[in-house]
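A quick write-up on the structure given underneath.
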Amino acid sequence: MHSNVELIDRFYSSFQKRDPEGMVACYHPEIAFSDPVFQDLRGERAGAMWRMLCARGKDLEVEFTGVRADETSGTAHWEARYTFSTGRKVHNIIDANFEFQDGKIIKHTDTFDLRAWAGQALGLPGRLFGGTNMLQNKIRATGMKGLEKFEKSRPQ
């Protein structure tokens with residue numbers, strides 16, 4: 001098994017245990033993370049996002065499959081099931097792309113259908129307006145505000 005396959009396995013195995021420190025240990029200090037909500041997190045902010053998601057995900061279940069990697073890049077498919085803050089159940093289906101440097105993940109890009117996520121997480125408003133720029137931008141702004149609040153609440 002390639003060492004970068006083992007790295008991705010370690011990342012998601014840590015996520016399954018809601019162990020954000022294990023996840024962050026897989027990241028290069030100059031990590032660049034992006035997904036449809038958190039579009040450009042770099043360095044420590046990417047780690048803070050995983051810490052926040054693990055802390056809030058009391059019923060979080062993560063499954064991952066299809067891990068592939070070579071010296072420079074890799075992919076994985078993962079699915080998350082959890083209860084969103086609205087009380088609604090979410091089943092998010094995500095494809096991940098990775099780039100590696102110095103034995104760590106330097107770039108991590110997750111893709112998923114934000115409209116489908118909004119429909120699950122927000123109910124009727126999400127189903128009706130989840131594909132609009134207005135609601136997607138509001139979701140992004142709310143996510144970033146939540147991350148900023150989480151970062152400020154953590155002891156330094």
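Structure notes:
- Region 50-156: GluC sites (Glu not before Pro) in DSSP loop, at most 13 other beta carbons within 10 Å: 71
- Residues 108, 28, 77, ranked from the fewest to the most other C-beta atoms within 10 Å, line up as 77, 28, 108.
- Helical content alone sets the calculated 222 nm signal of the chain at -13500 deg cm²/dmol, taking -39,500 (n - 2.57) per DSSP H segment of four or more residues and averaging over every residue.
- Exposure proxy ranking for 83, 142, based on other Cβ atoms within 10 angstrom of each Cβ and starting from the fewest, stands as 142, 83.
- Sorted ascending by nearby beta carbons within 10 Å, beginning with the fewest, 95, 35 become 95, 35.
- Alpha-carbon Debye profile of the chain, log10 I(q)/I(0) at 0.19 Å⁻¹: -1.27
- Counting only whole DSSP H helices of the chain, there are none at least 15 Å long by C-alpha along their axis and with mean Kyte-Doolittle hydropathy no lower than 0.0.
- Using the Karplus relation 6.51 cos²θ - 1.76 cosθ + 1.60 with θ = phi - 60°, the per-residue 3J(HN,Hα) values for region 76-81 come to 7, 10, 9, 10, 10, 10 Hz, with x marking Gly and Pro.
Throughout, read-outs are computed from the coordinates displayed, never taken from laboratory work. Please read all numbers here as calculations on a predicted model, not as lab measurements. All Cβ positions, glycine included, derive from the backbone under ideal geometry; neighbour counts span all protein chains shown.
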